[in-house]
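Have a look at the structure below, then the notes.
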Amino acid sequence: MPELTSPELSALRNLAAKRGGELTPFINIADAQRLTSLGLARRNRQGWSITVEGSRLLERLGQKAANENSD
């Protein structure tokens with residue numbers, strides 16, 4: 001999996017929050033398109049949404065950060 005830029009990761013987190021029902025700011029279209037090309041997001045009539053793969057990536061990154069902080 002290619003590294004995500006900070007804005008792309010932020011956009012992915014916003015999409016996850018949106019899925020959870022939170023109001024989120026608009027995301028940059030270029031970031032959303034890149035996430036889509038990686039299979040981490042998709043475009044639909046309501047806008048952008050996170051995919052299962054995107055959710056899994058955030059979960060893995062969260063676990064990795066938790067493990068790094070516990071050392």
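The values are calculated or read from the model by the stated rules, or taken from the named source; none is laboratory data. Note that this is a predicted model, so its numbers are computed, not measured. Note that we place each Cβ from the backbone using ideal geometry, even for glycine, and neighbour counts take in every protein chain shown.
Tabulated results
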quantity: Qualifying residue in segment 12-29 (condition: of a type outside the set (K, R), in contact with a Pro (Cβ under 7 Å, 6 or more places away or on another chain) and at pLDDT 90 or above); calculated: yes
quantity: Residues of segment 1-36 classified as surrounded by 13 or more Cβ atoms within 10 Å (Cβ to Cβ), assigned to a loop (DSSP other than H, G, I, E, B) and of a type in the set (A, V, I, L, M), total; calculated: 2
quantity: Subset of segment 27-39 that is out of contact with any helix residue (DSSP H, G or I) (no Cβ under 9 Å at 6 or more places or on another chain) and free of Cβ contacts under 8 Å to residues at least 12 places away in the same chain - its residue that is farthest from G54 (Cα to Cα); calculated: I29
quantity: Output for segment 37-57, where each listed residue is buried (at least 17 other Cβ atoms within 10 Å of the Cβ) and assigned to a helix (DSSP H, G or I); calculated: G54, L57
